[in-house]
Amino acid sequence: MTIPLIPVTDPGITCDRCQACCCQLEVMLITDTGVPERFIVTDRWGGQTMARLDDGWCAALDRDTMSCSIYTVRPQICRDFEMGSVDCQQERSAYYRP
């Protein structure tokens with residue numbers, strides 16, 4: 001019996017055809033990638049996260065293009081959140097229902 005392989009990434013999912021649903025996730029800043037201070041929130045214990053707007057979207061998201069305005073210095077967790085990965089697919093499923 002052959003078990004079909006489930007692709008780890010979906011090549012049909014691209015950031016340029018997405019509504020940036022991952023940009024509503026909480027993003028903890030673990031490493032320094034050069035994120036501008038205006039996009040960083042520090043809690044009372046010293047932990048840092050990406051700032052979010054009142055509606056929950058990342059403050060670094062350009063809402064006109066739905067693209068990251070600080071892409072070259074985006075946080076490590078954003079770099080690791082691979083386009084089309086299982087994590088990406090799970091987040092998209094919460095927003096895109098057939």
| said: Can you tell me the length gained on complete extension of the stretch Asp64 to Ala94, counting 0.36 nm per residue apart and subtracting the Cα distance? | reply: 8.6 nm
| task | Please give, to one decimal in nm, the separation of the simple spin-label points placed at Val73 and Met28, each 7 Å out from Cα toward the Cβ. | result | 2.3
| said: Quick check on the chain: helices-only [θ] at 222 nm, where DSSP H runs of length 4 and up contribute -39,500 (n - 2.57) each and the sum goes over total residues. Nearest 500, please. | reply: -4000 deg cm²/dmol
| Calculated log10 I(q)/I(0) by the Debye sum over Cα atoms at q = 0.13, 0.24 Å⁻¹ (choose from (i) -0.68, -1.17; (ii) -0.50, -1.38; (iii) -0.51, -1.08), label | (ii)
| message | Taking the Cα centre as origin and putting +1 on Lys and Arg beta-carbons and -1 on Asp and Glu beta-carbons, what dipole magnitude results for the chain, to the nearest 20 debye? | response | 100
| field | Angle between the chain longest axis and helix 86-95 axis [Cα atoms, degrees, rounded to 10] | value | 80
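All of the numbers you see were taken from the coordinates with simple rules; none came from a lab. Computed from a predicted structure; not experimentally measured. Cβ: placed from backbone, ideal geometry, glycine included. Neighbour counts: every protein chain shown.
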